[in-house]
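Bear in mind these aren't lab numbers, they're just calculated from the coordinates by the rules spelled out. Treat the numbers as computed from the prediction; the structure is a model and nothing was measured. Methodologically, a virtual Cβ is constructed for each residue, glycine included, from the backbone with ideal geometry; neighbour enumeration extends over all protein chains shown.
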Amino acid sequence: MTALFADLEETLPEGAALFRNRLSLAEQHAILDEVEHVIAEAPLFRPQMPTGPTMINSLTNCGPLGWISDRRGYRYEPTHPATGRPWPPIPQAVLDCANSLTRQAGLGDYAPDACLVNRYEASGKLSLHRDFDEADFKWPIVSFSFGNDAVFLLGGMKRQDPTTTMTLRSGDVLVLGGPSRLRYHGVRRIRPGTSPIEHGVMPEGGRINLTLRRARP
Ligand code: SIN
Ligand code: FE2
C-alpha cells in the first residue's frame, strides 16, 4: 500500500492511510440519509461488554454480519440482538468508496461482509482496542467519519506502545490494513461544535463512524 502515501498529508505507518476529505458534503449527506434508514430498520443499542458495564457509544450494523458484544463476549452475528431481524444492507456509496480505495492500494476488490455503525455523543470516546474478531486479517478496516471531529489515537501492536494523535474530520476515510491491520486504536474525545454538517441522525455534538470489515473468510 506504500505507493498510496505519496500524496497524503500525514505520514502514517505502513498499511495505514488517511484520505482527508474523501467525501464531499453532498456525499456525506447522502450516506447519512442511508444510515438513517439503517437505524430505522436496526435500532441503535448500547451493548454490554463481557466485563459487565455498558458501552459508552451506541451502535448498530449493516451488512450480512454485525459486530455485537454481550456477557458471552464479542462476536459477529447475522441478526440484531433485540429485533432478531437480519441487518440491513451496507449502503452502496460506502461500498463503492471503500472499493476504489482498496483497488488503488493494489488489494483488488474489497467485499466487506460487515459494517459497524458507531454513534458518539458529545461526551463519547472509545478506549484503545484492536479489531480482532474477524477470521481473516488480510482485509483492511476502512473507517468513515461524519460530524464532529474525533481525536483519534493510533498505537502499536501492544496496548502499552506509544500512540500518535490525529484528528478525524467529517468526510475523512482511514484505512488500517497490511502491517497496520492489528494496531491498537481508539478515540480520546469528540470536539463538539466542529461538524461541517448537520443531520438528524447525529445528536447535537455527535459523530457517526462507519467501519467496514471482512469478518468471515
Ligand atoms: C472503531 O475503532 O470501531 C471506531 C473508530 C472511530 O470511531 O473512529
Ligand atoms: Fe476499532
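A few remarks follow.
- Residue of N148, N99, N61 that the Gaussian network model of the chain assigns the largest fluctuation, springs spanning Cα pairs under 10 Å: N99
- Three-way shape call for the range 73-170 based on the alpha-carbon gyration tensor, with the a/c threshold at 1.5: rounded
- Whether the chain is rounded, prolate or oblate, judged on the alpha carbon gyration tensor where a/c under 1.5 counts as rounded: rounded
- Between D136 and R46, the contour length at 0.36 nm per residue exceeds the alpha carbon distance by 29.8 nm.
- Set of the range 134-166 residues, backbone N closer than 18 Å to the point 7 Å along the Cα-Cβ line of H29: 146-148
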